[in-house]
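K.L.:
What follows is a single structure, and I will ask about it in a moment.
The values are calculated or read from the model by the stated rules, or taken from the named source; none is laboratory data. These numbers come from a predicted model, not from an experiment. Every residue, glycine among them, receives a Cβ derived from its backbone with ideal geometry; neighbour counts consider all protein chains shown.
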Amino acid sequence: MNTSIYIAKRYLFSRKKMHAINIISGVSMLGVFIGSAALIIILSVYNGFEKVILNLYSNFTPELKIEPKQGKTFDPNTAYFNALHHDPRLFSFTEVLEEKALIRYGQTGQFIGTVMGVSDEFLKNGQLDSTIEKGSFTLKADGRYMAVIGATVQGKLSVNIHDQLSALQIYSPRRDASSAADPTSEFEVRYINPSGIFNIQQDFNSLVITPIDFMRDLLNEPKNVSAIDLNYKKGTDLNAVEKDITDKVGTTFTIKNRYEQNAGLYKTLNYERWFIYMILTFVLIIAIFNIIGSLTMLVMDKQKDIAILTSLGADKKLIQRIFFYEGMMISFIGCIAGMIVGLIFCILQEQFALIKFGDNLTAIDAYPVALKFVDFILVFLTVTGIAAIASGISARLSIKRLGEIKEDL
């Protein structure tokens, strides 16, 4: 075993004359332990929230979206799109026709939102029901078209989904409209009953989801669509698929993956993650720099040992390495123990939902966690880097008064 490591281990685990050294070393190790465990737990909880948010977004955000570069709509009845619809790797091929519209409900007011008509394959997503607060995700019932509305629409119009006698009134401007004495004659209006209320996030909660045939009738658009939403079976190489579609459709269409469709969301989540990481890293810095005080007191306690070692031929580098390795050992033990406890807590939280939300939340009832191996590597490297700086400072201080110590002895 390396001499400096051996002596450092003896100093760390042997009983010291000054009990204050034991206490300060223990406090330093405890600080690293708590900081490391907190980093693992909070990053894992944040990963869990991120996973929940992205899963909710994925209900209305396809893996790939095809949109026209010019204009609002395009004709999907082409040889290539028909062939793409029969791709065996495809899970769902959803035609979408959407437009801004004026929405009214009874006498409670009006709201301008987006009405999105979708084809039947939209309902292949088995997670849609998890977004529902009231009612169900039903678009057709008893031969009638139904609508599923966002929480914002429901809040603005006070929609009662159980009142089948009151329907949503959807107004859209006529394409052939001209100035008229009666402004209402310039609008197409259709009536549709709501079947459910979903709640995801502000970007989606102003949507009204309807069958695409309802929108075709409202907009007098018998064949064109606004977009084609594509979702693929697990294991499909989406990058290769996106590149292939881009090559085939040419420059007249835009192909967007989930990141491109929600670039703002992904950037926000990424910024928040690093912001949380930096805050907790500052806590770790404070904890780890307590090592300097611990090792300074240890140097005072081991003055005779240092003098004897130098008399036996130990150079300054050996003395420095002893106290450097001791500081690193304190940090490593605290870090490894903290990560293990953080891992155990996250597993227990995932399995038994130990810490729950209030009863007013329906989507999730406990704090979600998602363990990522990269977080453990990040925490270990962070602790190692800070500990190396703190231990290096302490090691330099250990030989600062080496000459005076030898003279005193």
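K.L.:
Here are some conditions: (1) closer than 27 Å to I149 by Cβ; (2) in the same structural domain as P368 (by TED's automatic domain parsing); (3) not polar (S, T, N, Q). G48 meets all but one. Which one does it not meet?
P.N.:
It fails just one condition, (1).
K.L.:
Could you grab me the full set of residues in segment 47-56 that are crowded, with 19+ Cβ neighbours inside 10 Å and closer than 14 Å to N125 by Cβ?
P.N.:
L56
K.L.:
Can I ask one more? Of the residues N231, N205, N220, N290, only one is surrounded by fewer than 16 Cβ atoms within 10 Å (Cβ to Cβ) and in contact (Cβ under 8 Å) with a residue 40 or more places away in the chain; which?
P.N.:
N220
K.L.:
Criterion first (part of a helix (DSSP H, G or I) and either within 28 Å of F49 (Cα to Cα) or of a type outside the set (V, I, T) (or both)) does L348 satisfy it?
P.N.:
Yes; evaluated as a whole, the condition is true for this residue.
K.L.:
Can you tell me which residues in segment 252-272 are among the basic types (K, R) and surrounded by 16 or more Cβ atoms within 10 Å (Cβ to Cβ)?
P.N.:
Hits for segment 252-272 are K256, R258.
K.L.:
Any chance you could count how many residues in segment 373-409 are outside any helix (DSSP H, G or I) and modelled with pLDDT of 95 or more?
P.N.:
So the answer is 0.
K.L.:
If we scan segment 68-80, do we find a residue that is touching a residue at least 12 places away in the same chain (Cβ under 8 Å), surrounded by fewer than 14 Cβ atoms within 10 Å (Cβ to Cβ) and assigned by TED's automatic domain parsing to the domain that holds D375?
P.N.:
no
K.L.:
Count, please, the residues in segment 295-343 that happen to be of a type outside the set (F, W, Y) and under 16 Å from L39 (Cα atoms).
P.N.:
12
K.L.:
Pick from segment 283-331 the residues that are among the polar types (S, T, N, Q) and in contact with a helix residue (DSSP H, G or I) (Cβ under 7 Å, 6 or more places away or on another chain): which of them is farthest from S391 (Cα to Cα)?
P.N.:
T310
K.L.:
A follow-up question, please. Kindly list the number of the only condition in (1) buried (at least 17 other Cβ atoms within 10 Å of the Cβ); (2) in contact with a Gly (Cβ under 9 Å, 6 or more places away or on another chain) that fails for E326.
P.N.:
Only one criterion is unmet by E326, namely (2).
K.L.:
Hey, another quick one. For segment 307-321, which residues satisfy the criterion of being modelled with pLDDT under 75 and among the aliphatic types (A, V, I, L, M)?
P.N.:
Scanning segment 307-321 gives A307, L312.
K.L.:
What about L123, is it without any contact (Cβ under 8 Å) to a residue 60 or more places away in the chain and either among the hydroxyl-bearing types (S, T, Y) or out of contact with any helix residue (DSSP H, G or I) (no Cβ under 8 Å at 6 or more places or on another chain) (or both)?
P.N.:
Yes.
K.L.:
Sticking with this structure for a sec: For segment 66-140, please list each of the strands (runs of 3 or more DSSP E) lying entirely inside it that holds at least 2 residues being among the hydrophobic types (A, V, I, L, M, F, W, C), more than 26 Å from T252 (Cα to Cα) and touching a Leu at 6+ places or on another chain (Cβ under 8 Å).
P.N.:
90-105, 110-118
K.L.:
With the checklist (1) in contact (Cβ under 8 Å) with a residue 60 or more places away in the chain; (2) over 27 Å from the mean Cα position of the chain (by Cα); (3) more than 23 Å from K140 (Cα to Cα); (4) not assigned by TED's automatic domain parsing to the domain that holds F380 in hand, flag the one item A83 doesn't pass.
P.N.:
Only one criterion in (1) in contact (Cβ under 8 Å) with a residue 60 or more places away in the chain; (2) over 27 Å from the mean Cα position of the chain (by Cα); (3) more than 23 Å from K140 (Cα to Cα); (4) not assigned by TED's automatic domain parsing to the domain that holds F380 is unmet by A83, namely (1).
K.L.:
List the number of the failed condition for K256; all other conditions in (1) outside any strand (DSSP E or B); (2) charged (D, E, K, R); (3) in contact (Cβ under 8 Å) with a residue 60 or more places away in the chain; (4) touching a strand residue (DSSP E or B) at 6+ places or on another chain (Cβ under 7 Å) hold.
P.N.:
(1)
K.L.:
Residues of segment 200-218 being at pLDDT 95 or above and of a type in the set (A, V, I, L, M), which ones?
P.N.:
Answer for segment 200-218, where residues must be at pLDDT 95 or above and of a type in the set (A, V, I, L, M): L207, V208, I209, I212, M215, L218.
K.L.:
Which members of segment 127-179 meet the condition of being loosely packed, with under 14 Cβ neighbours inside 10 Å and among the aliphatic types (A, V, I, L, M)?
P.N.:
Once the filter is applied, which keeps residues that are loosely packed, with under 14 Cβ neighbours inside 10 Å and among the aliphatic types (A, V, I, L, M), segment 127-179 yields A141, L165, A177.
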